[in-house]
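Student: Got a structure here, written out as structure tokens. Questions coming.
The values are calculated or read from the model by the stated rules, or taken from the named source; none is laboratory data. Keep in mind the model is a prediction, meaning the values are calculated, not measured. Every residue, glycine as well, gets a Cβ built from its backbone with ideal geometry; the counts of neighbours run over all protein chains shown. Protein only, heavy atoms only, side chains kept; ligands, DNA and RNA dropped before computing areas. Shrake-Rupley method; radii C 1.70, N 1.55, O 1.52, S 1.80 Å.
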Amino acid sequence: RKIKVEKAAELMHVFPFVVKAFEMEIIPAERIVAQIGDTLTLTCNTTGCASPSFSWRTQMDSPLGGKVSNHKTHSTLTMNPVSVVNSHSYLCTVICESAEKERKEKSVKVELYSFPSDPIIEISPSLVAGEPATVICKILDVYPSDRLEVFLEKDEDVFHEKYFFQDESTNIETKIVTYTFHPKLEDIGKEITCVARLQIADMDFQPKERASSQKLNANFGPQNTVITASPGNSPMKGDSLNLTCVTQSNPPAQIVWSKYLAEESIQHLIKNNVLSIPHVHFNDSGLYICEVINPVTNKTEKATMDIVIQGAPVITKLSIEPSTTVQEGENVSIQCSAESNPPPKIILRRKSDNANMGPYSARSILLPSVMFQNGGDYECVVENKFGNSKSEITLNVKYGPKNTMITVIPTDALKEGETVTMKCTSSGNPAPEISWKKKAATGESEEISKNATLTIQNLKSQDRGLYKCEAYNLFGKEEEAVELHIQGLLEESYQMIPLIIAFSSVAAIAVPTVAVLIYVSRQAKINGSYSLVKALRLKV
């Protein structure tokens, strides 16, 4: 046994055991930065002590504000969650029982902050350009607030800033920055940014700056409302026309098109910013109104444009009153109207006349107590610098028979056995019907023909007499008569006897006269001159 002890001593001399000294440490060491609300664990470790005894306390003997958990060689102090009460220097004390109760102590300083989220930015609703607007920026649960700096930026340009250096709060707080300004029209759509910075020297944490943005969406308008016309406000008839209403408004304005009519009435058209007319006509001329309404600002604005359609004239009316067919003696009015721009020159005339029946500006012809001579075709001619147009209408005047005439062929004395033709003509509308009548021995007239021409062949003495031609239509009648004389054969021989006697008498007188003239002529040749008076005196 002694030998064994000696060998053990020799071995110990050769391979001595390394006995570790009693040591301790705190993790993290000396200083720790923690955010309020997070979980923080402090660990106290030992070496060189088989049975350490741990205890935790604050430097000011305040409550720990955490949970201690001891293990064989280490102890932990867990703060879950970390709060303001944990802002201390924590001491861990370890007593090693096997080392004659050796005592060791170390501390760690816990530094706290709270900056958990980005700012919340609010802009007062229903902003109206030019009217006050309020920007509100909220920084939630910040600590320490006396290190907080807040900046309000508009497109990266600072327009307001706020510092809390004099804040004496010892707990987390929500800080609010409020600023009122007057947004301008050019501010619409710009970014409003709230930048919050927690500037704590010698404290390492991230982020130290947080920001939130919101676009400035102020309501405004409508304003600067205008109408544009394509191709222009004086298009030609038949062209397409587009009227566009342009305005500045947020939110976008409601647009209503309308047009002024006669007597100040308004015709509502469409609800759109563009009013399209594919093929304009003259009646599309007028004053057009674009009315824009912003339902949020409750404001309304109007713009107007006068549209004038140009083009060659178009005859819109050519009429005869009371009718195109009238009776002679009625009052008649012929009217012509046309539309165009510029206004047309109107010529209304009877087509057969070379001269106008009225002045160029006249749009009607009045025919009081119309006569049949006024019937016929009338034309209306309209023209301006873009062209002309023409239209015709016929006036039909109804009247009774006029100018009834009888023509007898041959015109010489009629003899028995010859042929005679009697023709009756008459004017009227409608054309008159013709009938022939002959006065009988009884004194009554008998109808002998319904033809305009009456022919009698192989004349006889009984064909003598009074013949009447009657022309008639719905509007009247007219008569004309002729007496027909016929020479018989016996009547012709009786007429020859006086003719012979007359011829014999003339011969009896003419022969002595011729003898006297011959005698006078001869005496004149002899004497160079002759006086019939002297000769007669001598004879006597």
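Student: Can you pull the accessible area of GLU483 for me, 1.4 Å probe, Å² to the nearest 10?
Tutor: 90
Student: Report the relative contact order of the stretch 400-487, percent, no decimals, based on alpha-carbon pairs under 8 angstrom and at least 6 residues apart. Each step should come with its number before you reach the end.
Tutor: Numbers: 210 pairs, mean separation 31.7, N = 88.
So the answer I get is 36 percent.
Student: Let me know the Rg and Dmax you get for the stretch 400-487 when you use only its Cα atoms, in Å.
Tutor: Gyration radius and largest Cα-Cα distance of the stretch 400-487: 13.3, 40 Å.
Student: Keeping all protein chains in position, work out how much accessible area PHE164 exposes to a 1.4 Å probe, and write it in Å² to the nearest 10.
Tutor: Looks like 20 Å² after rounding.
Student: Next question, about the same structure. For the stretch 23-113, what's the relative contact order in percent, using C-alpha pairs closer than 8 Å and at least 6 residues apart?
Tutor: Details: 221 pairs, mean separation 34.9, N = 91.
After rounding, I find 38 percent.
Student: I've got another one for you. How do 208-218, 314-324, 34-44 rank on mean C-beta neighbours within 10 Å, highest first? Mind dumping the intermediate values first?
Tutor: Details: 208-218: 16.4, 314-324: 14.5, 34-44: 18.4.
Those peptides, ordered most packed to least, come out 34-44, 208-218, 314-324.
Student: Expressed in nm to one decimal, what extension gain is obtained for the pair LEU261 and SER276 from 0.36 nm per residue of sequence separation less their Cα-Cα distance? Could you put the intermediate results ahead of the total?
Tutor: Values: separation 15, 0.36 × 15 = 5.40 nm, distance 1.84 nm.
Going from the current span to full extension adds 3.6 nm.
Student: Tell me the label-point distance for the pair ASP141, ALA50, using the 7 Å Cα-to-Cβ offset, in nm and rounded to one decimal.
Tutor: Roughly 4.8 nm, to one decimal.
Student: With a 1.4 Å probe and all protein chains kept in place, how do PHE22, PHE475 rank by accessible area, largest first?
Tutor: Values: PHE22 10, PHE475 75 Å².
Of PHE22, PHE475, the descending order of accessible area is PHE475, PHE22.
Student: Using the scaling law 2.2 N^0.38 Å as the reference, what is the normalised Cα Rg of the stretch 231-272? Write down the numbers at each step before the final one.
Tutor: Values: Rg = 13.4 Å, N = 42, 2.2 N^0.38 = 9.1 Å.
In units of the 2.2 N^0.38 Å rule of thumb, it is 1.47.
Student: So, one more: Any idea what log10 I(q)/I(0) is at q = 0.18, 0.19, 0.31 Å⁻¹ for the stretch 77-118, Debye with uniform C-alpha scatterers and no solvent?
Tutor: -0.66, -0.70, -1.08
Student: Given a 1.4 Å probe and heavy atoms of the protein chains only, how would you sort TYR163, TYR288, largest accessible area at the top?
Tutor: Heavy-atom accessible area, descending, gives TYR163, TYR288.
Student: How long is the gain from GLN59 to LYS162 if the chain were fully straight, where each residue apart is worth 0.36 nm and the alpha carbon distance is subtracted? Could you put the intermediate results ahead of the total?
Tutor: Working: separation 103, 0.36 × 103 = 37.08 nm, distance 3.57 nm.
Length gained between GLN59 and LYS162: 33.5 nm.
Student: Please list GLU446, GLU105 from largest to smallest accessible area, probe radius 1.4 Å, with all protein chains kept in place. Please report the intermediate quantities before stating the final value.
Tutor: Details: GLU446 105, GLU105 80 Å².
Sorted by accessible area, descending: GLU446, GLU105.
Student: State, to one decimal in nm, how far the label point of SER389 lies from the label point of SER240, with both points 7 Å from Cα in the Cβ direction.
Tutor: A separation of 2.4 nm, rounded to one decimal place.
Student: If I ignore ligands, DNA and RNA and count only protein heavy atoms, how much of HIS281 is accessible to a 1.4 Å probe, in Å² to the nearest 10?
Tutor: We get 60 Å² for HIS281.
Student: Now for a separate question. How big is Rg to Rh over the stretch 278-356, alpha-carbon atoms, Rh as the Kirkwood inverse-mean-distance radius?
Tutor: Details: Rg = 22.1 Å, Rh = 17.1 Å.
Checking Rg against Rh, the ratio lands at 1.29.
Student: Which translational diffusion coefficient, to the nearest whole µm²/s, is obtained for the stretch 120-218 from the Stokes-Einstein equation, given a Kirkwood hydrodynamic radius over C-alpha pairs, 37 °C and 0.692 mPa s? List each step's numbers first, then the result.
Tutor: Numbers: Rh = 14.3 Å.
In µm²/s, the coefficient rounds to 230.
Student: A further question follows. Suppose R0 equals 30 Å. What FRET efficiency, 1/(1 + (r/R0)^6) with r the Cβ-Cβ distance, do VAL482 and LEU366 give to the nearest 0.05? Mind dumping the intermediate values first?
Tutor: On the way: r = 42 Å, r/R0 = 1.40.
For VAL482 and LEU366, the calculated efficiency is 0.10.
Student: Just want to confirm a number: the relative contact order over the stretch 311-398, from Cα pairs under 8 angstrom separated by 6+ residues, in percent. Mind showing how you got there, number by number?
Tutor: Details: 228 pairs, mean separation 32.8, N = 88.
Value for the stretch 311-398: 37 percent.
Student: Size of the dipole of the stretch 114-177 about the Cα centre, Lys and Arg at +1 and Asp and Glu at -1 on the beta carbon, nothing else charged, in debye to 20? Could you put the intermediate results ahead of the total?
Tutor: Values: 5 positive and 14 negative charges, 33 e Å.
It comes to approximately 160 debye.
Student: Mind giving me the nanometre distance, one decimal, between the label points for SER427 and GLN457, set 7 Å out from Cα along Cα→Cβ?
Tutor: 3.5
Student: Something else now. Could you work out, for the stretch 23-113, what percent of all Cα-Cα pairs fall into each 5 Å distance bin, beginning at 0 Å and stopping at the bin that holds the largest distance?
Tutor: 3, 16, 27, 24, 15, 9, 5, 2, 0
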